[in-house]
Amino acid sequence: MKNINWTTLNLAFWIELILCWFLPFQTTDHFQYRAGFPTPFLTVYAETPGISLFTSTHLNPLGLLFNVIFIHVIILGCIKAYRKIRE
């Protein structure tokens, strides 16, 4: 079994956070905003204005892990294709 390349995994995590920040949120029912690429992992509920952000936010760690692994596989595929083309 191969060792994990922590550099590309770290890169995948930061790409996911940057994409989550810059891509538009998905709105459902005009009070629920979801963020994440390719699947949403962060949900913010904005139904009443008096609730703090901490109590109205839901983080799905499995969704975040899936997104990071998905982007990691894409990065590894791009690196492998680049090395193959370069040879």
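When 52, 56 are checked against the criterion of being touching an Asp or Glu at 6+ places or on another chain (Cβ under 9 Å) and among the hydroxyl-bearing types (Ser, Thr, Tyr), 56 stands alone in meeting it. The residues on offer are 2, 80, and the sole one that is modelled with pLDDT of 90 or more and loosely packed, with under 13 Cβ neighbours inside 10 Å is 80. Taking every residue in region 1-18 that is at positive phi and pairing it with any residue that is of a type in the set (D, E, K, R) and part of a loop (DSSP other than H, G, I, E, B), at least 6 positions away or on another chain, yields no pair with a Cβ-Cβ distance below 7 Å.
Using the structure shown, decide if residue 58 is surrounded by fewer than 15 Cβ atoms within 10 Å (Cβ to Cβ) and either under 30 Å from residue 4 (Cα atoms) or of a type in the set (Ser, Thr, Tyr) (or both). Criteria met by residue 58. When both residues are 6+ apart or on different chains and their Cβ atoms are under 8 Å apart, which pairs have a first residue that lies in region 55-66 and is at pLDDT 85 or above, and a second that is part of a helix (DSSP H, G or I)? Note: pairs meeting the criteria are 64/16.
The values are calculated or read from the model by the stated rules, or taken from the named source; none is laboratory data. Keep in mind that what you see is a predicted model, and the values were worked out from it rather than measured. Here Cβ is always computed from backbone atoms with ideal geometry, including for glycine, and neighbour counts include all displayed protein chains.
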